[in-house]
Amino acid sequence: MIIVTGPGRVGSSVLSLFLHRCGLRASETALWWDKDIRAGMECRVAVHINDNLFNRLSRVRGEKVPPDVFRPFLDGIKRIDADLFKDPRFTKDPRIVDVWTFARKDFSFLYLYRRPEEIFESTKTAGHLPIYGPGHRTRVACVNEIKRRRERFLSNLNKLAVPYEEILFPVDFSPDIVLQKLSLLGVDLPLDRAREVWSRTFVSPGVPVPVPGDLKLVHDPRP
């Protein structure tokens, strides 16, 4: 299972759409697109789990996750049936990945990233600020928090030996590079088909089609 994640506003939604169109089976609850913010493809089940898990973890000090915190989530994690889904919440607290590894070992990450200053500006344009809590409202504070979360997240993946590849937006946004990264994670897709899918998924590199026709258009996808 491939999990697409990152700090947000890094092209993770449209990359997930591309991979779904290439043949990686996304969760049925992930087949939505909000045209106002040009994003979607988040698995509602995973979002529910990770939101609640993050709230529980916010009350836990230290790196170790107590059993009474993680046990209620294990069955839900095990039941997710998909080749692919996207959720940026994994980067909010690295211990979320720890809990997922308690439930299953069959997942890898595609971690998307771009210059933190560009993430801040894109998030601001989308009207999502403050995205990192009351203490991170300024541009400098948000940029520093984006950098810190990346370092903590990738360091934890290395510690847990969870496979991952990093994709930089927009320089790595090409079918050839994306498929090369996937191959390193043990997933091989036909390159010719991927190039054709890429051409109808993006208006130009990194810019999604205005309305992905095979997705449900929504304004608020959460139940």
Seminar exercise, completed: Given pairs 78/147; 35/147; 159/181 and cut-off 25 Å on Cα-Cα distance, the over-length ones are 78/147; 35/147
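Taking each pair of different alpha-carbon atoms in region 14-134 once, compute 1/r for the pair, average those values, and report the inverse of that mean as the Kirkwood hydrodynamic radius in Å to one decimal. Intermediate results must be reported in sequence, preceding the final value.
On the way: mean 1/r = 0.0632 Å⁻¹.
Roughly 15.8 Å, rounded to one decimal.
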Problem set entry | Relative packing of 169-175, 45-51, 101-107, which averages over residues the other C-beta atoms within 10 Å, highest first | 45-51, 169-175, 101-107
For this session: State the extension gain, in nm to one decimal, for the chain segment bounded by residue 184 and residue 148, taking 0.36 nm per residue of separation less the distance between their alpha-carbons.
Result: 10.4 nm
Exercise. Trypsin sites (Lys or Arg not before Pro), restricted to region 1-78: which are DSSP loop and have at most 15 other Cβ atoms within 10 Å?
Worked result: 25, 35, 59, 61, 64
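Counting other Cβ atoms within 10 Å, which GluC sites (Glu not before Pro) in region 1-99 have at most 12 and lie in a DSSP loop? Don't jump to the answer; show the numbers that get you there.
Details: sites: 28, 42, 63; in loops: 63.
For GluC sites (Glu not before Pro) across region 1-99 that sit outside H, G, I, E and B with at most 12 neighbouring Cβ atoms in 10 Å, the list reads 63.
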Exercise. Between residue 161 and residue 64, what length in nm is gained on full extension when 0.36 nm per residue of separation is reduced by their alpha carbon distance?
Worked result: 33.2 nm
Exercise. Considering every pair of different Cα atoms, what Kirkwood radius, in Å, is found for region 2-217?
Worked result: 17.8
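Every number in this text was worked out from the coordinates using simple rules, so none of it is lab data. Remember, it's a predicted structure, so these values are computed and weren't measured experimentally. Backbone-built Cβ (ideal geometry, glycine too); neighbour counts: all protein chains shown.
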